[in-house]
Amino acid sequence: MSSWIYEVAYALFFIFPAYAANAIPVIVGGGRAIDGGKKMPDGKPILGSHKTVRGFTAGIIAGTLTGAAQNAALQHLNVPSDFVLPFQSSMLLGFVISFGALTGDLVHSLVKRRIGITEGAPLPVADQLDFVVGAVLFSFLVSPPPPLTIFIIFVITLPVHLLTNFLAHVAGVKKTPW
């Protein structure tokens, strides 16, 4: 296999807990809003009703379990001794990436509310990459990925996120295709 295929595989493996953490709130979200329905002094929501405690918690659990499963798979597969990931895979990394992804999404929502973009309204590119920015930044606390891995993550995530959101919309899981 050529090295670029390995690099793409490394990037997808690294960011997969964030993908899981970002997707699960769409499926199991609802319930009490993280901001408790409170508003800023200007009357705009802090985060909005779509950012829920249940979704945030489920996302962190899903991403952490994804990281744990990845780590277990690496330990149980018959991987050649010279194979080394360019980062340290672990359950802790899965947790940190998941927490970072969801925090990035919350910060993005806060910014959108501050600049007057309503819940569900698009902010292209930022809507697709907010969680990745948070995931990558938080990963530096545990095991930062190499620059090439980060680059590939950003390049791949934009079309992957657009496609999965469109499919979730077609399946009736999401109200909007973004």
Phi to ³J(HN,Hα) by Karplus 6.51 cos²θ - 1.76 cosθ + 1.60 over the stretch 146-161, Hz, x for Gly, Pro | x, x, 5, 4, 4, 4, 5, 4, 5, 5, 6, 5, 4, x, 4, 5
Rank Gln88, Gln70, Gln128 by mean-square fluctuation in a GNM of the chain with C-alpha springs under 10 angstrom and give only the top-ranked residue.
-> Gln88
Work out how much length Val111 to Gln88 would gain on full extension: take 0.36 nm times their residue separation and subtract the Cα-Cα distance, in nm to one decimal.
-> 5.1 nm
Fewest-first ordering of Lys51, Lys174 by Cβ atoms within 10 Å yields Lys174, Lys51
What value does the stretch 1-54 have for Rg/Rh, both radii from Cα atoms and Rh as Kirkwood defines it?
-> 1.30
Taking the Cα centre of each part, how many Å lie between the stretch 24-43 and the stretch 115-140?
-> 16
Taking only pairs that are 8 or more places apart or on different chains, how many Lys pairs in the chain have Cα atoms under 23 angstrom apart?
-> 11
Other residues with Cβ under 12 Å from the Cβ of Ile117 give, with Lys and Arg +1 and Asp and Glu -1, a net charge of +2
Under a 5 Å amide H to amide H cut-off, with H placed in plane at 1.01 Å, what residues pair with Lys51 once short-range neighbours are removed?
-> Ile34
Pairs of Cα atoms under 8 Å, at least six residues apart: use those to get the relative contact order of the stretch 80-178, whole percent.
-> 30
Do any trypsin sites (Lys or Arg not before Pro) in the stretch 1-46 lie in a loop, going by DSSP, with at most 16 other beta-carbon atoms within 10 Å of their beta carbon, and if so which?
-> Arg32, Lys38
What residue among Thr52, Thr64, Thr118 has the largest mean-square fluctuation in a Gaussian network model of the chain, using Cα springs under 10 Å?
-> Thr118
At q = 0.08, 0.11, 0.17 Å⁻¹, what is the log10 ratio I(q)/I(0) for the chain, with the Debye formula run over Cα points and no solvent?
-> -0.26, -0.48, -1.06
Mean separation of Cα contacts under 8 Å, 6 or more apart, over the residue count of the chain: relative contact order % | 24
Quick one: putting +1 on the C-beta of Lys and Arg, -1 on the C-beta of Asp and Glu, what dipole do you get for the chain around its Cα centre, in Debye to the nearest 20?
-> 760
Take the Cα pairs of the stretch 26-130, get the Kirkwood Rh, then feed it into Stokes-Einstein at 25 °C and 0.890 mPa s and tell me D in µm²/s.
-> 157
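Rule-based calculations on the coordinates, nothing more; no lab input. Note that the coordinates shown come from a computational prediction; the quantities given were computed from them, not determined experimentally. Glycine also receives a Cβ, built like all others from the backbone with ideal geometry; neighbour counts cover every protein chain displayed.
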